[in-house]
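Notes follow the structure.
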Amino acid sequence: MNILRSMFAGLAGVAISTVALAQDFGPSVVVTADAELRELAPSVEVPGTVVSRYDSRLASELSAKLIWIAEVGTVVKKDETVARLEDFTFKLQEMEAQARVEREQARVKFLRSEKDRLDQLAEKNLSAKSQLDQTISDLAIAESEETMARVQLGLTQISMHVTQIRAPFDGIVTERLRNIGERLNVADEVIRVVDPDSLEVVARAPLNTVNFIKDRAVLEMHNDYRSDVASVRTIVPFGNPQSHMFEVRLDANPDIWTVGESVRLAMPTADAKQVLTVPRDALVLRREGASVFRIKDDMTAEQVQVITGLSDGIYIEVIGEIQAGDQVVTRGAERLGTGMQVTVNSAAVAGSGTGTAATN
């Protein structure tokens, strides 16, 4: 017991000496921030993937040979050609259909003039009514066949049009799925075009969070390289009975994220409540637990033990002998002890980064 008392006495002496030594070198320069009341909610992290809302694998609408395809990485505008099929056969079909239309037009023109001539003779009783009726019937058939010929011409013109595969939106060619010279069948995928500026995050969250996520709610998301916030664009109102998950889609900033990135999102699991928070950088983690250094009116530091709770980005809930408006140290706490004089660096911006809690 005497040995333990001696050790504690020695440690206390060292602590006092450390404070005294620090005072000899003048006040410690620190950065501070105010403890504040904030609305925080408990959350769970869920995985998500950045995708484009416009991501198309364009397919052939004809059976034909591929004669040209755009290079990967090509930036294209809407309706710009990204692949071409051989069109010789379809040109011949269009010429044939056009000739059929002209033939039917000539026949209709003749029968109309014949009908007019018979109408005039019928007025003078110089023609048989049966001959006029036959001409009227032939004219109706000819007009119908002309319409069918025009339809056939339209179909061949459509075939000619779709020999060129066009981009359905502004984007970038990201993949060539077939090569020049290959014979394509109807519905064969040819090329992939993606719009990199219309991004969203697809995430699947537990069903116990669905009642706490609202449309246009702003959620934090991050990965190993960057972080940002995203607003909820839509909540798919259907839960998978096997996985007990539902889908959430959020708008993503194309200046920060790229298609295919994996992210993690913080989904609330309860309603938000008002709690006392400090920046994470204010926490000092030691063996005896978490604490913060509060600056007193006489510009001395006071160590206050706290219990941490909810967190939201750079802020974390603290429970202890601390109140809203108290000035807490966010930088320089690792050098402090209770009773030490401090000087606040007013030029520094407290809480400007996520940072890490001070340890000792």
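All of the numbers you see were taken from the coordinates with simple rules; none came from a lab. Keep in mind the model is a prediction, meaning the values are calculated, not measured. Neighbour counts run over all protein chains shown; Cβ positions are idealised from the backbone, glycine included.
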Show the residues, 5+ positions off or on another chain, whose built amide H is closer than 5 Å to the amide H of THR330.
VAL31, THR32, ALA33
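Would you order PHE169, PHE88, PHE110 from fewest to most other beta-carbon atoms within 10 Å of each residue's own beta-carbon?
Working: PHE169 18, PHE88 10, PHE110 13.
Ascending Cβ contact count within 10 Å gives the list PHE88, PHE110, PHE169.
Can you pull the semi-axes for segment 88-161, root of five times each eigenvalue of the Cα gyration tensor, sorted largest first, whole Å?
Values: eigenvalues 252, 16, 9 Å².
So the three semi-axes of segment 88-161 are 35, 9, 7 Å.
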For the chain, find the longest principal axis of its Cα atoms and tell me its angle to the long axis of helix 88-123, 0 to 90°, nearest 10.
50
Segment 88-161 - percent relative contact order, Cα under 8 Å, separation 6 or more
55
Top of VAL201, VAL46, VAL344 by mean-square fluctuation, Gaussian network on the chain, Cα under 10 Å
VAL344
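Explain nothing, just the number: dipole magnitude of the chain about its Cα centre with +1 on each Lys and Arg Cβ and -1 on each Asp and Glu Cβ, in debye rounded to the nearest 20.
On the way: 39 positive and 52 negative charges, 87 e Å.
I would put it at about 420 debye.
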Which of ALA230, GLN152, GLY73, positive extreme of dipole for the chain (C-beta unit charges)
GLN152
Bin width 10 Å, origin at 0, all Cα-Cα pairs of segment 139-263: what percent of pairs per bin?
10, 24, 21, 18, 14, 8, 4, 0
Of all lysine pairs in the chain that are eight or more residues apart or on different chains, those with Cα atoms under 18 Å apart total 4
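Quick check on the exposure proxy: order LEU207, LEU62 from fewest to most C-beta atoms within 10 angstrom. Intermediate values should be presented prior to the final figure.
Numbers: LEU207 13, LEU62 20.
In order of increasing Cβ crowding within 10 Å: LEU207, LEU62.
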Using Cα-Cα distances under 8 Å and only pairs 6 or more residues apart, what relative contact order does the chain have, in percent?
28
Angle, helix 2-24 long axis vs. longest principal axis of the chain, Cα atoms, 0 to 90°, nearest 10?
70
Pick from VAL275, VAL151, VAL248: which is most flexible by mean-square fluctuation in a GNM of the chain where alpha carbon atoms under 10 Å apart are linked?
VAL151
Would you pull out the residues with amide H under 5 Å of MET267's amide H, same chain only if 5 or more places away, H placed 1.01 Å from N?
VAL44, GLU45, VAL46
The ³J(HN,Hα) series, computed from each phi in segment 226-243 with the Karplus coefficients 6.51, -1.76 and 1.60 at θ = phi - 60°, rounded to the nearest Hz and given as x for glycine or proline, is 7, 9, 6, 10, 9, 9, 5, 8, 7, 10, 6, x, 8, x, 6, x, 7, 8
So which residue, out of THR163, THR81, THR147, gets the largest mean-square fluctuation from a GNM of the chain using Cα contacts under 10 Å as springs?
THR147
In 10 Å bins starting at 0, how do the alpha-carbon pair distances of the chain split up by percent?
5, 15, 14, 13, 12, 10, 9, 7, 5, 4, 3, 2, 1, 0, 0
